[in-house]
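We did not get these values from a lab; they are worked out from the coordinates using the rules stated. Quick caveat: nothing in here was measured; it's all calculated off a predicted structure. All Cβ positions, glycine included, derive from the backbone under ideal geometry; neighbour counts span all protein chains shown.
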Amino acid sequence: MSEYLPFWPKAWIGAYVTNGGGTAVVYSRALPTNGFTEVIIQMEIDATFGGAAGGPPWTTVGVEPQISNDGINWKTLTVTLLSIANNATFPEQATEKFTEIGAFMRMKITITSREAASGTIVATLLVSGAGRS
């Protein structure tokens, strides 16, 4: 059996990022994942965000899944999971499967910029999953 998990339904995400490697962190909603044996996560970005497409990866959006059994203490499953840089050809997707499951799962979304100036980075982002039992 499979169940759809809308961690970040297709919508904009934005954050103020400081210059020279600043990172902003946003968390998705926490969804119940108890009873699943694996969760497939997909992230998708539709258009260029921060800096110019085709150049160096001035800006990246990364997604790391976190699990918890109590909804308070969170464990990050990987150091780097899904990442899309603004020099990709859009729309861009990244997908990964996870077999370490907790009662809840959420996404830690990081927006990193190497731009020379600080500013707000905005992207159209979708982070969804499919839980399988």
Across the Cα atoms of the chain, what radius of gyration and what greatest pairwise Cα-Cα distance (Dmax) are found, in Å? 15.0, 48
What FRET efficiency comes out for T99 versus W12 if R0 is 35 angstrom and r is the Cβ-Cβ distance? Round to the nearest 0.05. 0.65
Distance between Cα centroids, the stretch 29-49 to the stretch 73-118: provide it in whole Å. 10 Å
Calculate the FRET efficiency for T120 and I40 from the Cβ-Cβ distance with a Förster distance of 30 Å, rounded to the nearest 0.05. 0.45
For the chain, with only Lys/Arg (+1) and Asp/Glu (-1) charged at the beta-carbon, what is the dipole magnitude about the Cα centre, in debye rounded to 20? 160 debye
Can you find, among I13, L82, I40, the residue farthest towards the positive end of the dipole of the chain? Put +1 on the C-beta of Lys and Arg, -1 on that of Asp and Glu. I13
Calculated FRET efficiency for the pair R132/T48, C-beta based, R₀ 41 Å, to 0.05: 0.75
